[in-house]
């Protein structure tokens, strides 16, 4: 089978996603850390061109924030994209950027727990569960009910726990990216200008 034609270079996608502003007033309780543009581009390129999970698919971005993953999926040719978040300000920024980029991305204001239905692919940068224990698992439970395949970012230190948790639910997880995620200084308890956290991107099939 011939390889798919690349419509946009990864570095150009990252530059476009970099123009999407991070949340101006992030909340500690929600662990609102904007996914770095380069990591978002890497996940999207892998999901689209290597694994066929974006182009022509119905894609859901859980806890979309200001919409980098959702908008990137739209750029890469997803048939239908919806980003869901309970933060109205974040969705206002996402919607503004969607219009600026001329993308038909859809936005839903609400709690991800209320979602019903099925999609091809779920993308998410969930809370790590640092401030609210197992918040990451709550997102995973919802994602596995909604999507055929899930791409999710987690702290590398939780790998063994998540592996056992997913195995009990008969879900297959593949480690597709292992990297460091930059966490900027944005909350009062941050003591340095920025720091890096070891993270893993999992591709999960239920």
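May I ask for log10 I(q)/I(0) of region 38-122 at q = 0.15, 0.19, 0.22 Å⁻¹, from a Debye sum over the Cα atoms as equal point scatterers with solvent left out? Cα-only, vacuum Debye calculation for region 38-122: -0.48, -0.77, -1.01. Note on region 89-152: Cα-Cα pairs beyond 13 Å make up 70% of the total pair count. The translational diffusion coefficient of the chain, from Stokes-Einstein at 20 °C and 1.002 mPa s with a Kirkwood hydrodynamic radius over alpha carbon pairs, comes to 126 µm²/s. When you restrict to C-alpha pairs under 8 Å that are six or more residues apart and normalise by the size of the chain, the relative contact order lands at 17 percent.
Counted over the chain, the DSSP beta bridges are approximately 50% antiparallel. With a Förster radius of 22 Å applied to the beta-carbon distance between residue 55 and residue 9, the computed FRET efficiency rounds to 0.90. Relative to the globular-protein estimate of 2.2 N^0.38 Å, the Cα radius of gyration of region 14-81 stands at 1.11. Model label points for residue 108 and residue 89, set 7 angstrom from Cα along the Cα-to-Cβ axis, are 2.5 nm apart. From its DSSP helices (H runs of at least four residues, each -39,500 (n - 2.57)), the chain gives a residue-normalised ellipticity at 222 nm of -8500 deg cm²/dmol.
Largest mean-square fluctuation among 95, 74, 21, in a Gaussian network model of the chain whose springs join Cα atoms under 10 Å apart, belongs to 21.
If you run the Gaussian network model on the chain, springs between alpha carbon atoms under 10 Å, then out of 50, 98, 178 the most flexible one is 50.
Quick note: the coordinates plus some simple rules give every number you see, no bench work behind them. Just so you know, these numbers come straight off a predicted model, no measurement behind them. Note that we place each Cβ from the backbone using ideal geometry, even for glycine, and neighbour counts take in every protein chain shown.
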